[in-house]
1. Rg to Rh for segment 639-687: what is it, with Cα atoms only and Rh by Kirkwood?
2. Spelling out what I want: for every residue of segment 432-448, take phi, set θ = phi - 60°, compute 6.51 cos²θ - 1.76 cosθ + 1.60 (Karplus), and round to whole Hz; glycine and proline get x.
3. Which net charge results for the neighbourhood of residue 337, defined as the other residues with beta-carbon distances under 9 angstrom from its beta-carbon, given Lys and Arg at +1 and Asp and Glu at -1?
4. Checking the table 190/212; 190/235; 698/721; 174/251; 785/846 against a 29 Å threshold on Cα-Cα, which pairs fail?
5. Strictly over 25 Å apart at the Cα level, which of 129/291; 727/889; 291/322 would you flag in this model?
6. Run the accessible area of segment 321-412 with a 1.4 Å probe and give the carbon-and-sulfur part as a rounded percent.
7. Within a Cβ distance under 13 Å of residue 729, other residues only, what is the Lys/Arg minus Asp/Glu net charge?
8. Could you list which residues have their amide H under 5 Å from that of residue 133, counting only those 5 or more apart in sequence or on another chain, with H placed in the peptide plane?
Amino acid sequence: MVDANSKFTCLVPRTGPVTKFRECRRQFGGVREAVWLVLNLYKMAGSFEKEQEVLGIIEEKKLESGEGDRDMAPAAGNSIHRSGSRPQLDVSKAEIQGNVEEKYPTILLPNQSDDLSHLALDIGGSLIKLVYFSRRENQSADDKRKKSVKERLGLSNGNRRSFPILGGRLHFVKFETRKINECLDFIHSKQLHCGGLESRYPDVTDQNGIIKATGGGAYKYADLFKERLGVSLDKEDEMDCLVAGANFLLKAIRHEAFTHMEGQKEFVQIDPNDLFPYLLVNIGSGVSMIKVVGDGKFERISGTNVGGGTYWGLGRLLTKCKSFDELLELSQKGDNRTMDMLVGDIYGGLDYSKIGLSASTIASSFGKTISEKKELEDYRPEDISLSLLRMISYNIGQIAYLNALRFRLKRIFFGGFFIRGHAYTMDTISFAVQFWSNGEAQAMFLRHEGFLGALGAFMSYEKHGLDDLMVHQLVERFPMGAPYTGGKIHGPPLGDLNEKAKVSLQISWMEKFLQKGTEITAPVPTTPLAGTTGLGGFEVPLSKGSTLRSDASALNVGVLHLVPTLEAVASEGGTDDAQRRGDAFAHAFSAHLARLMEEPAAYGKLGLANLLEMREECLREFQFVDAYRSIKQRENEASLAVLPDLLVELDSMDEETRLLTLIEGVLAANIFDWGSRACVDLYHKGTIIEIYRMSRNKMRRPWRVDDFDIFKERMLGTRDKKMPHHKRALLFVDNSGADIVLGMLPLARELLRRGTEVVLVANSLPALNDVTAMELPDIVAEAAKHCDILRRAAEAGGLLVDAMINTSDSSKQNSSSVPLMVVENGCGSPCIDLRQVSSELAAAAKDADLIILEGMGRALHTNLNARFKCDALKLAMVKNQRLAEKLIKGNIYDCICKYEPAS
Ligand SMILES: CC(C)(COP(=O)(O)O)[C@@H](O)C(=O)NCCC(=O)O
Ligand SMILES: [Mn+2]
């Protein structure tokens with residue numbers, strides 16, 4: 001019914017509303033869609049009278065719809081419609097593209113896609129789990145450049161998955177069911193019930209709005225949702241949702257599953273083609289065991305009433321704990337030997353080796369309490385909690401294994417919020433599975449353990465387009481306020497959200513959460529645990545804080561620093577608001593780092609690239625759009641001022657010397673890196689040009705990795721062998737200022753001079769002092785003022801669109817056919833994962849026969865070992881002593897020039 005693409009060509013609203021309505025209805029089929037389209041066309045064209053006319057017609061004639069009142073347009077101004085699960089037209093944020101006076105202007109419907117719904121819920125007995133989607137708009141204003149590049153690359157528009165990182169985000173949040181009002185406040189504050197804050201009319205509740213929900217609470221609280229938010233809950237079957245959620249996670253999320261034995265977390269990458277069959281054990285209040293054999297193909301084969309509710313219920317009665325988390329935390333200080341009867345208690349301290357039971361094996365949970373003349377008060381709540389936790393976890397593990405055996409299932413995935421990333425719980429379950437299966441079966445856990453149902457409900461909106469996502473298409477981020485971090489964070493402590501409205505300087509809920517001084521720590525035991533005799537069985541799990549830190553060194557957590565916060569605040573004008581956001585950012589980011597130091601695997605397997613990206617994401621999350629804006633501008637200006645002299649110098653050289661000087665120039669200019677502590681210290685000691693000169697003067701070959709001679713041979717050939725020029729080179733540029741202006745642009749110019757098309761590939765979003773695709777055309781335009789080669793190529797590549805229109809330059813006729821283009825990479829990070837790039841870049845890469853990756857982030861931290869089908873040159877200066885030692889057994893400021901011919 002509705003084109004899934006985001007662009008529609010529609011008729012301009014010049015004819016009358018009825019004619020327009022008919023035209024639109026012919027085009028889109030549905031009455032509702034037609035009404036909305038017409039209404040919004042007038043709205044966008046600013047025609048209030050026509051808008052009113054449409055509403056009048058709706059009222060009077062009911063539009064001869066034949067589809068009943070249900071299909072009448074809702075109250076004016078409400079741009080988002082949710083109805084059932086069929087795809088709908090979404091005209092929020094619609095814009096007429098181009099001239100409104102044109103006869104058939106294009107209307108951009110940025111929110112229109114097959115993924116219409118923003119929110120789904122799983123309302124369980126103890127917790128409400130919420131999954132919502134927020135779209136990040138592509139904020140680039142360089143539409144002309146994009147259009148020109150796309151035309152040149154023959155790239156069709158409207159691909160929703162063009163820019164994966166900019167596309168949108170799935171968020172996971174949980175609340176206690178008994179605090180359902182906090183959940184409703186949250187939904188309201190983020191306007192999730194009517195399309196999110198991105199919606200054109202965020203405050204208007206869609207009376208016909210429907211939110212997918214699963215779990216018992218979807219029935220129990222339906223009226224409350226209607227009353228408070230004006231939305232109906234569309235109930236989805238719980239088991240369907242659990243399975244859909246689990247399948248989605250296991251197929252689409254990198255390192256979703258992991259094993260947990262003796263405190264060691266080991267991520268398991270599941271092959272999506274080899275996922276089925278498996279046993280899904282969902283531990284909520286009760287426990288469901290589901291045999292999953294395919295997408296939507298499953299059977300609930302078993303379950304047990306002894307589950308999370310049992311632990312919490314009995315625990316509350318026996319310990320007087322006020323919350324599940326408190327009970328869980330208590331267990332960490334517990335010693336179950338005071339409660340449980342162990343094999344050793346029965347056998348006088350000995351193992352029962354004949355049947356493989358060690359002395360420390362639990363023979364009978366709570367068994368010791370029968371033989372002693374003690375009352376409840378005589379036992380420590382900590383011990384009770386741990387004993388209870390063990391009893392229930394072992395029991396679940398055992399029943400799960402027996403069912404896996406019954407149906408010959410090798411893999412068992414445990415989910416549900418009972419687990420909460422709790423090391424003891426996971427170890428206990430793993431012990432049980434391992435013990436009973438003699439090591440044949442393996443328990444696996446899921447990082448999004450508690451959100452299976454909510455995710456499944458989210459997926460149940462038809463045509464979300466998420467079902468066929470591949471692992472590399474989803475990028476995981478760790479927002480600062482993410483309540484899903486386990487440990488003490490348990491839903492965002494929203495407090496009185498209404499306060500927010502009263503505060504003139506808008507404080508986000510996240511900041512509020514941070515102001516409360518929440519500590520992000522994982523639950524790790526603090527008391528020493530009893531050892532085992534090594535006989536296996538139900539031993540005491542060994543999960544200790546220290547054992548979780550095993551991979552800390554690989555994470556380089558220490559290299560991230562917070563100094564740029566000051567720059568970030570300055571970049572936003574140094575206002576009080578910016579200062580507060582800066583403080584909040586610092587607080588939040590420190591908390592995340594502390595959490596990672598405590599438990600490096602807390603967010604899955606993270607490398608330095610992820611951490612650097614996380615930092616940029618955090619800045620963005622606190623609305624620091626471009627923290628290095630002014631630094632970049634300053635450096636660009638200084639470098640552009642000396643560019644003409646550099647070009648004259650280069651032009652006076654012979655080919656060979658020039659090529660070497662160019663490569664030296666790139667390496668020397670890569671010193672301007674605001675991500676390196678050492679370099680930032682250096683900047684205090686001289687001007688940009690002084691540092692650049694010093695860096696150049698220090699360029700001595702051979703570099704630590706020096707393939708220049710092979711590269712030169714490929715470029716210039718030898719006396720006996722002429723080499724053809726490359727057809728198209730992709731230059732992955734790095735930093736602003738000298739790096740791009742005095743390093744990469746002159747190299748690009750050389751390639752252009754030799755007849756190679758050049759595509760400058762730059763970040764879509766700011767990261768440190770990296771130049772962005774949006775900034776590049778202006779820099780090129782400035783440089784082109786001093787260079788004919790660059791000017792002609794930039795014109796041919798559509799970079800100097802304005803110049804082409806505005807000047808009557810005679811040299812245009814003999815424009816070089818070799819274009820210089822700028823393409824965005826789809827990233828906002830100093831590093832690049834080449835599996836996740838913009839469609840624009842993917843298209844540009846198709847005909848490339850040379851790739852040049854520049855800088856530490858793109859050429860060393862990532863891609864140093866990447867092999868390409870075309871020639872590849874990796875250029876970087878190493879600006880970190882530790883990395884220099886590790887990577888090239890060298891020193892800080894050593895250089896790398898790694899050339900690999902096409903493989
Ligand atoms: C963030 C960076 C990868 C940026 O380097 P670039 O890609 O600009 O050459 C680099 O500065 C880095 O690895 N920094 C680590 C921290 C430090 O060396 O102090
Ligand atoms: Mn950089």
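The values are calculated or read from the model by the stated rules, or taken from the named source; none is laboratory data. Everything numeric here is computed off the predicted structure, so don't read it as measured data. FYI the Cβ positions are ideal-geometry reconstructions off the backbone, even for glycines, and counts take in every protein chain you see. The protein model used for the area step is the full one, side chains on, heavy atoms only, and it has no ligands, DNA or RNA in it. Shrake-Rupley method; radii C 1.70, N 1.55, O 1.52, S 1.80 Å.
1. Dividing the radius of gyration by the Kirkwood radius yields 1.09.
2. Whole-Hz 3J(HN,Hα) from phi for segment 432-448: 4, 5, 5, 4, 6, 9, 6, x, 6, 9, 10, 7, 10, 10, 10, 5, 9.
3. Surrounding charge for residue 337 is -3.
4. From 190/212; 190/235; 698/721; 174/251; 785/846, over 29 Å: 698/721; 785/846.
5. Check vs 25 Å cut-off fails for 727/889; 291/322.
6. 54
7. That works out to 0.
8. Under 5 Å from the amide H of residue 133 lie the amide H atoms of 119, 171, each far enough along the sequence or on another chain.
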